[in-house]
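In what follows, a single structure is set out as structure tokens and then discussed.
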Amino acid sequence: MGLLNSYNQWKETRQQNYVNKMKEQGKCPDCHGKGYTVYPYNEFAYFNSFECPGCQGSGLYSDWEQLR
Ligand SMILES: [Zn+2]
């Protein structure tokens, strides 16, 4: 159990670091500030990009934070 806990903690820390980094740059963590997300390996690959649901396409961290 201790191992699993430290793994989860590591994952959380990593996620937190990533979000902080995106915050510094003012970018949406879901789409890296692009405003859309790409799913290259599913059946919707045809469309190849979608408006990012995290920031509703703005790519801004402030929007992402508000929409959480
Ligand atoms: Zn986004």
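Bear in mind that the values in this text are calculations on the coordinates, not laboratory data. Every value quoted in this text rests on a predicted model; they were computed, and no experiment measured them. Ideal geometry is used to build each Cβ from the backbone, glycine not excepted, and the neighbour counts take in all protein chains shown.
Numerical summary
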item	result
Vicinal HN-Hα couplings computed from phi for region 7-18 (Karplus, 6.51 cos²θ - 1.76 cosθ + 1.60; Hz; Gly/Pro x)	5, 4, 5, 4, 5, 5, 4, 5, 4, 4, 4, 5
Amide H contacts under 5 Å for Cys52, placed H, 5+ residues apart	Tyr36, Thr37, Gly57
Amide H contacts of Leu60 (H built 1.01 Å from N, under 5 Å, at least 5 apart or other chain)	Cys28
Total formal charge among the other residues, if their Cβ is under 11 angstrom from that of Gly35, Lys/Arg +1 and Asp/Glu -1	-1
Peptides ranked, highest mean first, by Cβ atoms within 10 Å: ranges 28-37, 58-67, 12-21	28-37, 58-67, 12-21
